[in-house]
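Report on the following structure.
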Amino acid sequence: QDEEKWDFVLVSNIHEVGSEKEIKRKKFLDELSKKGFTIKKIEDKKLFYGVRAPKQIFQKYQRLLRNPDSRLQSPSAHHDIPVTTRIRIVNFILQNTTTPDLEKLHDLIKQKVFEATFPLHEKEEVREFLEEKWARWRDIFCQQPIEKIRCYFGEKVALYFAWLGWYTYLLGVAAVFGLVVFVAGITIFNSSQVSKEICEASNTIMCPLCDQKCPFWLLSDTCTYAKVTHMIDNEGTVLFAMFMAIWATVFLELWKRQRATVVTDWDLYRWDEEEEELAMELINNLQHEPRQYQHSYFRSTIILLLVLVMIAVLIGIAHALVIYRVIATALFTQSNSEFLREQANTMAVMTGAVLHYITIVIMTKVNRHVALYLCDLEKPRTFSQRENNFTVKIFTFQFFTNFSSLIYIAFFLGRINGHPGNYVRIAGKWRLEECHPSGCITDLFIQMAIIMLLKQTISNVMEYLIPWIAHKLRKKQQRPKKRCMMLGEEEEAEDPCKKQWLSNYQLNEVNIFSLFDEFLEMVIQYSFTTIFVAAFPLAPLLAFFNNLFEIRLDAIKMMRLRRRMVPRKANDIGIWLQVLEAIGILAVIGNGLVIAITSDFIPVQVYKYTYSPCMTENNTGVDCSTGYINYSLSVFRIQDFEPYTEPGLAPTGLCCRYRDYRNADDYSYTVQFWHIFAARLAFLILFEHVALCVKLIAAWYVPDVPQSVKNQFLDRKHSNLRKELRWVMPQRVP
C-alpha cells in the first residue's frame, strides 16, 4: 500500500521516438533517477510519470531543520514527515533539477516537453473529512476546521482561510452598524428640512443642464432624488465613517493576536523562511552557492518610472469614463424619451458604473501581465521576495483601476465644472457634469452599489462556473476508450494508479498565483468596505454575505474542481498585512474627505451655526436649517449665457439658479464660499487627527501577541535552559 503512494505526477504528450522533445524528457527523468527518485510510467492518451523521492532526502531535511515539524500533522509512514512537507520538498527538487542542457522543469513545460505537473489528491481521512464538513454549501454558517486544512493544504492556505473567517466574523459587527445607520437614514432623516425645502421649491427655476435645447427646470422636480440623498448624507453617516476607521484598526490588531495563537500551536512562530529555502537548495545540490542580496538604483528608478506610466494610463482610463458620462448626459438630455431626458444624469452615472466594472475586468488581466513583467525586470532573489514585489505592484494597479473613477466622483465632480456663462468644457464642446442641488454623494452611492453588486454576483458566478465547466469538458475529452474486444477473453487488469492519476489530471490546473488571486479579491473588497464607506453604509453588509459564500466557494474549488495545491509553509499572511494597514490609513483619509468635501454635512452645519434664522433672529422655534437651499444656490442672469448656447424657453423672470456660492454681479466667490472652505479644511484636519489618534490608541491597547503565547515561550525557554544546566552540573562535581 505504502509503496504505491506517489509524491508527484508529470504528464507528457506521446512524442515520436528520437524526437527532440522525447530526448529532453528522458534527460530530465534520468537526472531524477540519479537523485534516487523512483519513477513509474503509465500510458494512456498521454504519458503519466509518477515520481517518489527517496527517504534520505527527508532525513536530510529533518537533520538540517530539526524544529519545524516536531509537532506533526497527520504522520505518514515516510519517516513521520507530514505529507504537506513531503510534497513541498519534492516540488522544490523537481523545479530546481537541471538537465545537462541547463534546462529546468519550467523551461521544459514552456517547450511542451511536459504538459503538467501536480501532487495528488490522496484518498485519505483528512480529505474525506474536509469534503464532508467544509467544502459544502450547507456548512455555510459552521466554523472552519483550520487544523485539518493545514494538514491537507499547508500553512499558507490555512492562514488564508483563518484570516478570511476572522475578517467575515468581524464584518458582521460592521454590517449591523451600517444597516442601523442606513435604516435610520430611511426612517428618521426622511423628513429632513433640506429635502422638504427642495420638494416645496416649485418657484425656484434652475439653469439648464446642457447647452442645446435643454429646458429650464423646477427644483421641486427633483424631490425624490433629494430624499434619497439625505437618506445617505446625514449625521449618522459621519459617526459610521469614524466607527469604520476604528473598526479597521481593531480588526487588524485582533487578527495579529489570532495569528500569533494559531502559529504558536503550529510551532512556527520563529520559523525562518530563508533558512528553509537554503536547506532545500543544499538537499537538492550540495555544491549550491546562495544567491547574494543585490540592489540596483538604476533598475529601481526604471521600474518606478514604468509604474508611474502605468498609473498614468489607469488615471487616463478614469478620464475616459468621465468623458463618456459627459457625452452620455448630453445625448440623454436630447433624447426623444421623456424618462431619459428627466433622468439623464442618473442614467449617465449608472451606465458609467457598468462601463467602469467592464474596465475593471479587462484591466485586471492587463495589470497582472504588467506587474509580472516588472517583477522579471527586478530579478528578485527568492520566490517570496518576487511574490512580495508582485503583490505591491498589482495592488497599486488594481487600486487605481477600481478607485480612480470613484475618486473623481467623490472629490472633483461638480467642483471643477465652472458656472453658467463660463463652463469648463471637454474639447471646447461638452461641459463637465454638475452636482445635484442636494449634493454629489448619491452619485458616489450609485457607483459603489453597482460595482460592488456586479463584482459580488457576476464575478463570483464566473469564478465558480468557469472551473466547473472546464472540469466537465476535460472529463468528457479524457474519458478512457471503451474496449470492444471483450469476447469472453480475460480482461486485462487495470493499474490502480491509472484511475487516480487520470481523475487528478482532469481537474483544473492550479498555479502559484491561485491563492494570491483569492487574497487580492478580498483585499480589494476590504478597500471598498472601508475607504468610501461614508457614501455607502451597506458595503460591510454586502461584503459579509459575499464572504459567507466565498469561503465555501473557495473550499469547493480547492477540494473538487482543482488539482491539489503545492502546500507552502508560512507563519503569517505576509506583505498583505502591510497592505491592509495602508488601506486602514487610506480609509481615514478617504472617509474624512468624503464627509468634508462630497457630503453636504459641513455647509449645512456652517449655515446652521452662522447664517440660519436660529443665529440671526434668535428664533429657536424653527428648524435651524430652514432657508439652507436658498442660501446654497447662486443667481445667474439669463442674458449672460454664452452666445452659442441655446437653452429652452426662457422663464418669466430674467434669472435662473445654480448650485454654488457666487456673487450675482460678477460671479466671483462669496464670503460664504470661503467660510465653508475653511470649515471643510478644519473638519478634515480634526477628523483625520482624531481618527488616527484613536487608531494608535487601539493599536496600543490591544497587544499584538496574547500574554498566554508569551508565557508559553517563556516556559519553553526556561525548561530548555534547565535541561542544558543538568548536562553541565555533573561535570562540576570534583
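The values are calculated or read from the model by the stated rules, or taken from the named source; none is laboratory data. Everything quoted here is computed from the prediction, not taken from an experiment. Quick reminder, even Gly has a Cβ in these numbers, built from the backbone with ideal geometry, and neighbours come from all protein chains shown. Please note that ligands, DNA and RNA were not included when accessible areas were found on the heavy atoms of the full protein model with its side chains. Shrake-Rupley method; radii C 1.70, N 1.55, O 1.52, S 1.80 Å.
Residues considered: 391, 396, 346, 364. Of these, the only one that is in a helix (DSSP H, G or I) and either over 30 Å from residue 582 (Cα atoms) or at pLDDT below 90 (or both) is 346.
For (1) modelled with pLDDT of 90 or more; (2) of a type in the set (Phe, Trp, Tyr); (3) assigned by the TED database to the domain that holds residue 249; (4) surrounded by 12 or more Cβ atoms within 10 Å (Cβ to Cβ), each residue gets a yes or a no:
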| position | (1), (2), (3), (4) |
| --- | --- |
| 659 | no, no, no, yes |
| 664 | no, no, no, no |
| 671 | yes, no, no, no |
| 675 | yes, no, no, yes |
| 682 | yes, no, no, yes |
| 696 | no, no, no, no |
| 700 | no, yes, no, no |
| 703 | no, no, no, yes |
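Among the residues of the range 384-399, the ones that are of a type in the set (A, V, I, L, M, F, W, C) and open to solvent by 60 Å² or more (accessible area, probe 1.4 Å) come to 1 in all. Cβ-Cβ distances below 7 Å connect the following pairs, each with a first residue in the range 620-648 that is farther than 14 Å from residue 196 by Cβ, a second residue that is in a strand (DSSP E or B) and at pLDDT below 85, and a separation of six or more residues or different chains: 646/212. When the range 339-383 is limited to residues that are over 25 Å from the mean Cα position of the chain (by Cα) and basic (Lys, Arg), the one that is surrounded by the fewest Cβ atoms within 10 Å (Cβ to Cβ) turns out to be 379.
Residue-level analysis places residue 428 outside the set of residues that are buried (at least 19 other Cβ atoms within 10 Å of the Cβ), on the phi > 0 side of the Ramachandran plot, out of contact with any Pro (no Cβ under 6 Å at 6 or more places or on another chain) and of a type outside the set (A, V, I, L, M, F, W, C). Of the candidates 63, 71, 127, the single residue that is of a type outside the set (A, V, I, L, M), modelled with pLDDT under 90, open to solvent by 40 Å² or more (accessible area, probe 1.4 Å) and part of a helix (DSSP H, G or I) is 63. Within the range 503-516, is even one residue among the charged types (D, E, K, R), open to solvent by 10 Å² or more (accessible area, probe 1.4 Å) and not in a loop (DSSP other than H, G, I, E, B)? No: the range 503-516 contains no residue that is among the charged types (D, E, K, R), open to solvent by 10 Å² or more (accessible area, probe 1.4 Å) and not in a loop (DSSP other than H, G, I, E, B).
Cβ separations smaller than 6 Å between residues 6+ apart or across chains give the following pairs from the range 241-257 residues that are more than 25 Å from residue 601 (Cα to Cα) to residues that are open to solvent by 10 Å² or more (accessible area, probe 1.4 Å) and at pLDDT 90 or above: 251/170; 255/166. Selection of the range 431-459 for residues being open to solvent by 30 Å² or more (accessible area, probe 1.4 Å) and either within 17 Å of residue 636 (Cβ to Cβ) or not assigned by the TED database to the domain that holds residue 315 (or both) yields only 434. Exactly one residue among 322, 309 is in contact (Cβ under 8 Å) with a residue 24 or more places away in the chain and on the phi < 0 side of the Ramachandran plot, and that residue is 322. You will find that of 633, 654, the residue that is more than 15 Å from residue 423 (Cβ to Cβ) and either at pLDDT below 70 or open to solvent by less than 50 Å² (accessible area, probe 1.4 Å) (or both) is 633 and no other. Cβ-Cβ contacts under 8 Å between residues 6 or more apart (or on different chains), taken from a first residue in the range 499-511 that is touching a residue at least 60 places away in the same chain (Cβ under 8 Å) to a second residue that is open to solvent by 10 Å² or more (accessible area, probe 1.4 Å) and of a type in the set (Asp, Glu), are listed as 502/44. Considering 308, 340, the condition of being out of contact with any Leu (no Cβ under 7 Å at 6 or more places or on another chain), modelled with pLDDT under 80 and of a type in the set (A, V, I, L, M) is satisfied by 340 alone. The helices (runs of 4 or more DSSP H) found wholly in the range 546-625 and carrying at least 1 residues that are within 15 Å of residue 518 (Cα to Cα) occupy 576-593. Filtering the range 104-121 to residues that are open to solvent by 30 Å² or more (accessible area, probe 1.4 Å) and not in a helix (DSSP H, G or I) leaves 104, 111, 112, 115, 117. Evaluation of residue 203 against the conditions (1) over 27 Å from residue 542 (Cα atoms); (2) surrounded by 15 or more Cβ atoms within 10 Å (Cβ to Cβ) shows that the sole unmet condition is (2).
For residue 704, the criteria (1) among the charged types (D, E, K, R); (2) over 41 Å from the mean Cα position of the chain (by Cα); (3) part of a loop (DSSP other than H, G, I, E, B) hold in every case but one, which is (2).
The requirement of being part of a helix (DSSP H, G or I), modelled with pLDDT of 85 or more, in contact with a Lys or Arg (Cβ under 8 Å, 6 or more places away or on another chain) and crowded, with 21+ Cβ neighbours inside 10 Å is fulfilled nowhere in the range 239-247; no residue meets it. Within this structure, residue 264 fails the test of being open to solvent by 30 Å² or more (accessible area, probe 1.4 Å), polar (S, T, N, Q) and part of a helix (DSSP H, G or I). Exactly one residue among 584, 574, 590 is open to solvent by 10 Å² or more (accessible area, probe 1.4 Å) and among the small types (Gly, Ala, Ser), and that residue is 574.
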